[in-house]
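Enquirer: Dumping the structure here so I can ask a few things about it.
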Amino acid sequence: MRLVIEQQTPADWPEVWAALAPAFRDGRSYPVPRDVDEAGARAYWIKPDGFNAVARAPDGTLAAVYYLRPDQGGPGDHVCNAGYVVAPAARGRGIATRLCLESQERARAMGFRAMKFNLVVASNEAAVRAWRRAGMSILATVPGAFRDPERGYVDAHIMFKNLIE
């Protein structure tokens, strides 16, 4: 599927929220309360020092979204963090990997030297595969760091990629 990836605008928010809500409600990938309201989701997803993107199919349908922002402040602000959500209808097409790679290019252009994911739920095998395909490595696994609504306490990975080649 060809994608058009653009910076998210305020007008995109209703569609972004429609994509985020099922992922947040599912409770298997993001560390937000499953009953997070729209305002809470917006505060989590959009940060003043970050970049937010929407990826659209050729017909204009929202296929996925991502955020990119510093992982830490001050002397750690050269390492970025990112989060991705693929709309349910667009899953299984390699979009997550493509967005991760695109966001790495954008991160380099923004001056970031590395990308770090702090909480990749180990039982979210599709995400782990996607991030590995995009060159991310598992630095560590934190036992029981995520509470899955059905599986209980599951491991979470810290993943990393150096963006300076």
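The values are calculated or read from the model by the stated rules, or taken from the named source; none is laboratory data. These figures come from a predicted structure and were not determined experimentally. Cβ placement follows ideal geometry from the backbone for every residue including glycine, while neighbour counts extend to all protein chains displayed.
Enquirer: Which one of the conditions (1) among the aliphatic types (A, V, I, L, M); (2) closer than 15 Å to residue 117 by Cβ; (3) part of a loop (DSSP other than H, G, I, E, B) does residue 68 fail to meet, given that it meets all the rest?
Expert: (3)
Enquirer: Quick check: anything in the stretch 91-102 closer than 18 Å to residue 162 by Cβ, modelled with pLDDT of 95 or more, out of contact with any Leu (no Cβ under 8 Å at 6 or more places or on another chain) and part of a strand (DSSP E or B)?
Expert: No.
Enquirer: For the stretch 1-24, which residues satisfy the criterion of being surrounded by 15 or more Cβ atoms within 10 Å (Cβ to Cβ) and not aliphatic (A, V, I, L, M)?
Expert: Step one: filter the stretch 1-24 for residues surrounded by 15 or more Cβ atoms within 10 Å (Cβ to Cβ), giving 3, 5, 8, 12-13, 15-17, 19-21, 23-24.
Within the stretch 1-24, 8, 12, 13, 15, 17, 24 qualify.
Enquirer: Taking the criterion of being acidic (Asp, Glu), within 23 Å of residue 155 (Cα to Cα) and surrounded by 12 or more Cβ atoms within 10 Å (Cβ to Cβ), would at least one residue in the stretch 33-49 satisfy it?
Expert: Among the residues of the stretch 33-49, not one is acidic (Asp, Glu), within 23 Å of residue 155 (Cα to Cα) and surrounded by 12 or more Cβ atoms within 10 Å (Cβ to Cβ), which makes the answer no.
Enquirer: Which of (1) of a type outside the set (Val, Ile, Thr); (2) within 25 Å of residue 121 (Cβ to Cβ); (3) without any contact (Cβ under 8 Å) to a residue 40 or more places away in the chain does residue 8 not meet, given it meets every other one?
Expert: Exception for residue 8: condition (3).
Enquirer: Right, next: Mind checking which residues of the stretch 10-43 are aromatic (Phe, Trp, Tyr) and in a helix (DSSP H, G or I)?
Expert: Initially, the stretch 10-43 is screened for residues aromatic (Phe, Trp, Tyr), giving 13, 17, 24, 30.
Within the stretch 10-43, 13, 17, 24 meet the criteria.
Enquirer: Another question, if that's okay. All but one of (1) assigned to a loop (DSSP other than H, G, I, E, B); (2) within 13 Å of the chain's Cα centre (by Cα) hold for residue 116; which doesn't?
Expert: (1)
Enquirer: Anything in the stretch 108-119 that is of a type in the set (Gly, Ala, Ser), in contact with a Cys (Cβ under 9 Å, 6 or more places away or on another chain) and more than 27 Å from residue 145 (Cα to Cα)? List them, or say none.
Expert: Going through the stretch 108-119, the residues of a type in the set (Gly, Ala, Ser) turn out to be 109, 111, 114.
Filter again for in contact with a Cys (Cβ under 9 Å, 6 or more places away or on another chain), leaving 114.
Across the stretch 108-119, there are no qualifying residues.
Enquirer: How do the pairs read when you match residues in the stretch 135-160 that are of a type in the set (Lys, Arg) with residues anywhere that are surrounded by 12 or more Cβ atoms within 10 Å (Cβ to Cβ), using Cβ under 9 Å and keeping only pairs 6 or more apart or on different chains?
Expert: From residues that are of a type in the set (Lys, Arg), the pairs are 147/27; 147/154; 151/28; 151/123.
Enquirer: Does the stretch 9-24 contain at least one residue that is of a type in the set (S, T, N, Q), at pLDDT 95 or above and over 19 Å from residue 80 (Cβ atoms)? So that I can check it myself, show each step before the final result.
Expert: Keep residues of the stretch 9-24 that are of a type in the set (S, T, N, Q), which gives 9.
From what is left, the residues that are at pLDDT 95 or above are 9.
Filter again for over 19 Å from residue 80 (Cβ atoms), leaving 9.
Yes.
Enquirer: Looking at 156, 122, 134, 145, which one is crowded, with 16+ Cβ neighbours inside 10 Å, at pLDDT 95 or above and within 18 Å of residue 95 (Cβ to Cβ)?
Expert: Working: 156 fails: within 18 Å of residue 95 (Cβ to Cβ); 122 fails: within 18 Å of residue 95 (Cβ to Cβ); 145 fails: within 18 Å of residue 95 (Cβ to Cβ).
Going through 156, 122, 134, 145 in turn, just one is crowded, with 16+ Cβ neighbours inside 10 Å, at pLDDT 95 or above and within 18 Å of residue 95 (Cβ to Cβ): 134.
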